[in-house]
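S.K.: A single structure is presented below for examination.
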Amino acid sequence: MSLYPVMLDLRDRLCLVVGGGRVGCRKIRGLLAAGARVRLVSPACSERLTHPAFEWRQRPYRRGDLAGARLVFAATDDPAVNRAVADEARKMGVPVNVATGGHDGDLLLPAVRRRGAIVLAVSTGGGSPALSAVVADRLFQQLGPEWERVLEIASRLRRRSLTSPKSAEYNQSILRQLLDDGLAGLLRSGRREAVDELLRRHCGVDGLAELGIDSLEPLP
Ligand SMILES: C[C@@]1(CC(=O)O)c2cc3[nH]c(cc4nc(cc5[nH]c(cc(n2)[C@H]1CCC(=O)O)[C@@](C)(CC(=O)O)[C@@H]5CCC(=O)O)C(CC(=O)O)=C4CCC(=O)O)c(CCC(=O)O)c3CC(=O)O
Ligand SMILES: NC(=O)C1=CN([C@@H]2O[C@H](COP(=O)(O)OP(=O)(O)OC[C@H]3O[C@@H](n4cnc5c(N)ncnc54)[C@H](O)[C@@H]3O)[C@@H](O)[C@H]2O)C=CC1
């Protein structure tokens, strides 16, 4: 299956989760981490979730529950209920994820790992969710805490309009040079002077201070 990946901005958007078992609760945690408002409809909830943006209607799903929702998750253990939720979503034109798989839903969730604003998302298109998680864990190991600093430098270089907005490729090639010359490793070991030297060599910037980065705090 060839899926189309996107990154959704769900801040303050109402998302409905039907079914509050292990799977529904995982979906809820992911949604809250993305700043969404979450409504759970479920007789039971297997985690103690307390969050100002979370609300629980403690009862079974009934038609009409989707009113106002921008995104819906059918996560009960009853495929017929999940299908009914998907059915209502389709009629309302709201995208729906169906945890019991099959072709009832519009979207599948990837395995997600976050390093600051860097989001790693891995999907096997429903083939093996467990493999998605394993691949995500392996890739995440390559993405140590120093990559938050790499991103900070990259975004500051970009904001300085080092190159004209049209030369995205030029920006990329500068980043590749910095990384090929070991930027991430130097940041990991806190070697500020060597980083400054790289920035001078590749970017014509007089070090981190010129980018407004005054100190390199020790990494966790
Ligand atoms: C289609 C999809 C629909 C959807 O979006 O929910 C779906 C469906 C199903 N999952 C099942 C089983 C498991 N799912 C997981 C874990 C995850 N499942 C996720 C996504 C997806 N799961 C979508 C496809 C994504 C893809 O293929 O890439 C992850 C990536 C994201 C998330 O859910 O947040 C999350 C990783 C969490 C992480 O990041 O670590 C584990 C492992 C575990 O729980 O530890 C198991 C047990 C092991 C196994 O079966 O592999 C079953 C069988 C149920 C049964 O047999 O009863 C179905 C139903 C079916 O396939 O028919
Ligand atoms: N997509 C995924 O990542 C995974 C999907 N699954 C599938 O997802 C299903 C759910 O898995 P779990 O959360 O582990 O099951 P679970 O049994 O822990 O939770 C099911 C939840 O649905 C609620 N529920 C039942 N009937 C309902 C109704 N009519 N209206 C509203 N809520 C209702 C229950 O109260 C319970 O909270 C499984 O049956 C399995 O097929 C399983 C593992 C991973």
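S.K.: Give the separation of the Cα centroids, the stretch 1-57 to the stretch 94-134, in Å.
M.R.: So the two Cα centres are separated by 14 Å.
S.K.: What is the chain's relative contact order, in percent, from Cα pairs under 8 angstrom and six or more apart in sequence?
M.R.: Working: 316 pairs, mean separation 25.4, N = 220.
Worked out over the chain, it gives 12 percent.
S.K.: Can you tell me the dipole magnitude for the chain around its Cα centre, using point charges on the Cβ only (Lys, Arg +1; Asp, Glu -1), in Debye to the nearest 20? Provide the component values of the computation, followed by the final result.
M.R.: Numbers: 33 positive and 25 negative charges, 133 e Å.
The calculation lands at about 640 debye.
S.K.: Measuring from the lowest to the highest alpha carbon on each principal axis, how far does the chain reach, largest first, in angstroms?
M.R.: If we take the Cα atoms of the chain, the spans are 63, 36, 31 Å.
S.K.: Out of V135, P145, L16, whose Cα points farthest toward the positive end of the dipole of the chain (charges: +1 Lys, Arg; -1 Asp, Glu; placed on Cβ)?
M.R.: L16
S.K.: If I model a spin label at I213 and D78 as a point 7 Å from the Cα along the Cα→Cβ vector, what separation in nanometres do I get?
M.R.: If labels sit at I213 and D78, their model points lie 5.4 nm apart.
S.K.: So, one more: Identify the residues of the stretch 114-134 with backbone N under 20 Å of a label point that sits 7 angstrom from the Cα of R11 along the Cα-to-Cβ direction, or state none.
M.R.: Within reach of a label on R11: 114-120.
S.K.: Ok, one more. Find which of V41, L179, N97 sits farthest along the positive direction of the dipole of the chain, computed with +1 on the beta-carbon of Lys and Arg, -1 on that of Asp and Glu, about the Cα centre.
M.R.: V41
Each reported figure results from applying straightforward, stated rules to the coordinates on display, with no laboratory input. Here the structure is a predicted model, which means the values were calculated and not measured. So basically every Cβ, Gly included, is an ideal-geometry build from the backbone, and we count neighbours across all protein chains shown.
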